[in-house]
1. Taking the Cα centre of the chain as origin, work out the dipole magnitude from +1 charges on Lys and Arg Cβ and -1 charges on Asp and Glu Cβ, in debye rounded to 20.
2. Mind grabbing the accessible area of I131 for me, 1.4 Å probe, Å², rounded to tens?
3. When the dipole is taken about the Cα centre of segment 7-113, and only Lys, Arg (+1) and Asp, Glu (-1) are charged at their Cβ, what size is it in debye, to the nearest 20?
4. Pick from V101, V87, V16: which is most flexible by mean-square fluctuation in a GNM of the chain where alpha carbon atoms under 10 Å apart are linked?
5. For the chain, which whole-number percentage of the solvent-accessible area (1.4 Å probe, protein heavy atoms only) is attributable to carbon and sulfur atoms?
6. Might you work out the accessible area of C144 for me, using a 1.4 Å probe with all protein chains in place, and round it to the nearest 10 Å²?
7. Accessible area per residue of the chain at 1.4 Å probe, in Å²?
8. Compactness ratio of segment 1-48: Cα Rg over 2.2 N^0.38 Å, N = residue count?
Amino acid sequence: AKNRGKEKLVSLLDKVEELSGNSKIPVVLGNGHGTREARQLLEEAASEGEMETELHLTSEAGASVWSVTEMANEEFPNETPAAIAAVSIGRRFLNPLNELVKIPPKSLGLGMYQHDLSEKVLDEKLSLTSIDAVAEVGVDVNSCSLAILGKVPSLTPKLCTKIMASRPLKSRNDLMNISGLG
């Protein structure tokens, strides 16, 4: 089974290298259970295929919890929870805030004292903090998730849905053509 998995991984790495044109293939792994084995398999496959990889580790806290939520199912209706969690882990490397706002606060692994707060207080504080962060850094309306767009101060769920339906937007001025914004 390991050899078959390695063969599939070599094939996948070869395809990514071909499509990207990069000599170094970026790979993102979650930092949880099985990472050491996955890393070893990746190194063996890259060596066997004479390819160079660039490995990045990222937190996988809460990925499996989010992968079985209604929101995840709406975004990926035809995928298994394992595939959804894998996509979430990869996206965290690209844009952590965009992905982490989807995770229930109790599943984020914030430390041993997070349980000293009630779940309601933790949810409220984390929501306010994420709204402040979004207000500070902004969002790319063409690629952000509905969850992160919902953290933009003053945007209602209805306006967020309208913005999502209007994508792609070519400039900020295009936002003015959306009913309720312009």
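The values are calculated or read from the model by the stated rules, or taken from the named source; none is laboratory data. This structure is a prediction, so every number in the text was calculated from the model and none was measured. Glycine gets a Cβ as well: all are built from the backbone with ideal geometry, and neighbour counts include every protein chain shown. Accessible surface areas use protein heavy atoms only, side chains included; no ligands, DNA or RNA. Shrake-Rupley method; radii C 1.70, N 1.55, O 1.52, S 1.80 Å.
1. Once rounded to the nearest 20, the dipole reads 500 debye.
2. 50 Å²
3. The calculated dipole for segment 7-113 is roughly 560 debye.
4. Looking only at V101, V87, V16, the biggest GNM fluctuation is shown by V16.
5. On the way: 6380 of 11900 Å².
Percent of accessible area from carbon and sulfur atoms in the chain: 54.
6. Accessible area of C144: about 10 Å².
7. 65 Å²
8. 1.15
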